[in-house]
Every structure is written in C-alpha cells, then in structure tokens.
Amino acid sequence: MSLADRATRFLRNRRRRRQLLVASATASLVGAGVTLLAVVTPGPVLLMLFLLVAQPAMLIAVALYLPVAVTEFLAGRGVSEERYEPGDVIFREGEPGDRMYAVIDGEVEVFHEDPDGTVLVIATLTHGQYFGEMALLNPAPRVASARAVGPLRVAVIGREDFETLYANLPDFHRSIERMLWGRRIWWRRAPRRS
Amino acid sequence: MATDASDDLLGGGDDLLQQSAPASTAAVVGIEQPFHGTGSAVDWAVTTTIVIAIAMIVGALASLGLERRTSRSQILGAARLLGLFACPLFLFPVSNFATFETSKRVEFCATCHSAMDPYVNDMRSRDSRTLAARHFANRYIQDNQCFACHADYGLFGEAKAKVRGLRHLYYWISGARTALGAEQIRHYGPYQNGLCLTCHAGSKRFLEAKNGVHRDIAQELATDDPATGKPVRACMQCHGPAHVSLEQWKLRGASAPVIDE
C-alpha cells in the first residue's frame, strides 16, 4: 500500500481526524501562548522558546488541520469512504445535513435522545442500507443521531450528487421513497431506553 | 579633550572617564524615547500579534470545547478555521517581525541584568562621557542603540547577531564552557571600524574634522591587520572608550543605578 493510500485510509477514519484536530488545537494553543508571552515580556529565554517552540507549533497546527479540512471538504462533494470506530457518532440530531451515508461494512444505530436523556433507538442499519438522506430531501436539520455500533465503513454521498442521482435514476428515487416509508414505521415501533 | 558631547566626539581614553562624576541614583536620568506619532511599525506589530494570539487561543479552545457540545457545525468550522489555520498563518510572520524587532531594543539587551547593567546604565547616564552615552544622549542613533553598533551590517548582519545572542543564551543556560574551562560568553572579536564608518564615513563632519585628519588616515581605517584581524587604526584609539569598564563601574559605586524609564 502506497503512502498516499495509507494517508487516505487514515484520514477516512473520523476518530483519527478528530485526534488530528485535537493535536492541531493543542499546537495552536501552545504557539499562541508562547508568542503572547514573548511579545508581552520580551527576553532572551522567551525569544528562544518562541523560536524553538512557538514557531514550529504554529506550523504544526496548520499542517495537522489542512488534511482534515481538505478531507472533510471533499467528503461533502462526490462519493467518498469513511471509517468509524465503535461508539463514534456520525452525526447528531439538529446538525445541518449536507451528506447521506450508505453502510458498506458494519452496523449503525440511528437514535433520538429526549431532553431527559431517554434514548429512542429508531433503527439498526447494516450493509447496503442508507441513512442521513432525510436532511438532503428537506432543507432541515438532522431529525435523529447516528452512531457506529462496531467498526464501520460507509460511503458518503454529498448533496449535489444525491440530488443528481435522485432526479435522474428512477430506481434510486424509488428505493429512497420506500425507505422513507419504512422510516415512518420505525419511528412508531422504536423502543425507548434510558 | 572634549567638553561638549554634542559638539565633539573625540574621546580621551581613561581621562575621559575620570572626568565623569560617579553615577549616583539621582544623577542617572532617563532620556525620553523618540516620538513615533501613532506608533512605530514594531508597536503596531506587537499589538497585532497580541490580538491575533488571543483570537487564536479563543479559536483553538472553541474548536476543542465545541467538538461535542454544539449542533451548529458552521460555528465549529469557523472556530477551527480561525484557530487552527487563519490565525497561525497570519501570526507566524507578524510575530516574527514583532519579536525580532523588539529584541533589538535596548530594554531587551538590558534583560540580561547582571551582564548588561553596567553598559546599559552607563549609556543612559547623562553624566557619562563614554562614546555610547554620548551617542545615546544626543540621539545620534535614534533607536536600538546596542544593536546599531553591535550587529554587522549587510545581508546577514542581523541574522548573525541573533545567532550569536542565542548561542550566548545557550551557554548561559547550560553553563557550557570551552575545553579549557573558559567562559563561552565573550565579545566575538575585535570591533570593526566598518560598524562606525557605515554611518560616519562620507559625512561632512567626518571628512572635515581636524583639518581632514580622517582623509589622511583613511587607508589605515579601512584596513585590518591580517595577523590579528584588528583594524590597523581602530576608531576607538581616538574616540574610545565606547563603554565604561567593569572596574571603573565598580569605582563609581558598587550598586547599579536605577534606570528611570
């Protein structure tokens, strides 16, 4: 496997992307903090720290953020693949939705959380099933949350591609319609747990 | 012997120092900094650096804190863009300019208190007749007086000066000594006439002084002795000393005078 393939595979994992963002934010904090000290209280020791710590930290922050930003930008355009670890939340209720997902491998739990903490599991989806399409059909926030039950691999379809497929492929259109009908039944039958 | 600092820069070696009164705390008067209108470029760079650094901290903290607490992904995206990309990219050059330009100031040199106090305080003393003090008091050099005379000119002069300074800092922190046990922190070689001539050579006063004496010794001023690396005739031979020596500083009074900013 080439280095580019490894990097792509690494960046498709959402947990890894989060870790990169946390590392980037930490580097950014260190860089800004030391820089602030170096300009407010100038002195040779802080100048050395600025050179050896703050400057590399600023570059590291940008270097870690950029691949994540590009991956997430591209994920919203065209079809891409993403990986999730068990328990990872794929999206949350109330978020604006700009992509839908198809399960390639693994299981997804679609759920709703009441303000009192009661969790309503709406559906558990497996290979070949879609989720997240409702936010693309209606320009409204997500109506439910989704999380990975086990190790999960999904295909991500951005809004533009979804609309093209939905408008031009009758089979795809019908399958989405059928699925939406099924979702109504899920909502009614969904068991609640707290 | 010169009696008016603003009139004549001709020094008189030790005699000159003996004339200067012992610097008591009351005698040392701070000299106001040059007026820069709405602030110099460095002042603006420092302010900008502080503002961007604070924005960067807020952005980075928000991107960490909002990760699991918000359903507004636009806010999270904006916080990330600000704290992890835009601010660091902008802060990098601005903070470089601010810190390096600030590090040329006399106040910065004076932060190495034990080493620099005698030189800085003597330079700022209105009573002192050393060359550095007369340059400072008469504002022959407006800003960054230490750096102006101790950093080589030319393309890499400032960078070399900074590397030297950082090396001194390393020696100071690590306590590193040479194989023979000597102090590593020391003046980096004979003081070159070029540092003086960059400003003075070609000026009317320089050319006409003492019936054109500088013209007569121009060759000696411009040539270094290949054996020692020292100028054949150093400016300091006639105009020195540049600074008070440590021994003379102690004679003036053991405690360092307070600098009135």
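The values are calculated or read from the model by the stated rules, or taken from the named source; none is laboratory data. All of these numbers come straight from a predicted model, not from anything done at the bench. No Cβ is skipped: glycine too gets one built from the backbone with ideal geometry, and neighbour counts run over all protein chains shown.
Which ones in the range A:76-98 are within 14 Å of chain B (Cβ to nearest Cβ), crowded, with 17+ Cβ neighbours inside 10 Å and more than 18 Å from A:Met134 (Cα to Cα)? If the condition is that a residue be within 14 Å of chain B (Cβ to nearest Cβ), crowded, with 17+ Cβ neighbours inside 10 Å and more than 18 Å from A:Met134 (Cα to Cα), then A:Asp88 is the only one that fits.
Of the listed requirements (1) touching a helix residue (DSSP H, G or I) at 6+ places or on another chain (Cβ under 9 Å); (2) under 30 Å from B:Gln219 (Cβ atoms); (3) not aromatic (Phe, Trp, Tyr), B:Gln192 misses just one: (1).
Is it the case that some residue within the range B:108-119 is among the acidic types (Asp, Glu), away from chain A (no Cβ under 14 Å) and farther than 29 Å from B:His214 by Cα? Looking for residues that are among the acidic types (Asp, Glu), away from chain A (no Cβ under 14 Å) and farther than 29 Å from B:His214 by Cα, one finds at least one in the range B:108-119, hence yes. Among the conditions (1) closer than 20 Å to A:Val34 by Cα; (2) within 9 Å of chain A (Cβ to nearest Cβ); (3) at pLDDT 85 or above, the only one that B:Leu81 does not satisfy is (1).
The rows are residues; the columns are (1) closer than 30 Å to A:Leu37 by Cα; (2) modelled with pLDDT of 85 or more; (3) outside the structural domain of A:Val30 (by TED's automatic domain parsing).
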| position | (1), (2), (3) |
| --- | --- |
| A:Met48 | yes, yes, no |
| A:Leu59 | yes, yes, no |
| A:Leu125 | no, yes, yes |
| A:Leu137 | no, no, yes |
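Residues that are among the aliphatic types (A, V, I, L, M), in a loop (DSSP other than H, G, I, E, B), surrounded by 15 or more Cβ atoms within 10 Å (Cβ to Cβ) and modelled with pLDDT of 75 or more within the range A:139-194 comprise A:Val143, A:Ala144, A:Val149, listed in sequence order. Any chance the range B:108-125 includes a residue that's within 21 Å of A:Val39 (Cβ to Cβ), in contact with a helix residue (DSSP H, G or I) (Cβ under 7 Å, 6 or more places away or on another chain), among the basic types (Lys, Arg) and buried (at least 17 other Cβ atoms within 10 Å of the Cβ)? Checking the range B:108-125: not a single residue is within 21 Å of A:Val39 (Cβ to Cβ), in contact with a helix residue (DSSP H, G or I) (Cβ under 7 Å, 6 or more places away or on another chain), among the basic types (Lys, Arg) and buried (at least 17 other Cβ atoms within 10 Å of the Cβ). Taken together, the residues in the range B:238-261 that are modelled with pLDDT under 80, touching a Ser or Thr at 6+ places or on another chain (Cβ under 7 Å) and crowded, with 18+ Cβ neighbours inside 10 Å amount to 1. Of the residues making up the range A:157-174, those that are touching a residue at least 40 places away in the same chain (Cβ under 8 Å) and within 17 Å of A:Gln129 (Cα to Cα) number 3.
State which residue is nearest to B:Arg124 (Cα to Cα) when the search covers only the range B:88-106 and only residues that are facing chain A (nearest Cβ under 7 Å) and of a type outside the set (Val, Ile, Thr). Looking at the filtered set, the residue picked out is B:Ser103.
What number of residues within the range A:1-15 are in a helix (DSSP H, G or I) and touching a residue at least 60 places away in the same chain (Cβ under 8 Å)?
Initially, the range A:1-15 is screened for residues in a helix (DSSP H, G or I), giving A:3-12, A:14-15.
Imposing the further condition that a residue be touching a residue at least 60 places away in the same chain (Cβ under 8 Å) reduces the set to A:7, A:9, A:11-12, A:14-15.
Here the count works out to 6.
Taking residues in the range B:157-175 that are within 16 Å of B:Cys112 (Cα to Cα), and partners anywhere that are of a type in the set (S, T, N, Q), the pairs with Cβ atoms closer than 7 Å and at least 6 places apart or on different chains are B:Tyr171/B:Gln184.
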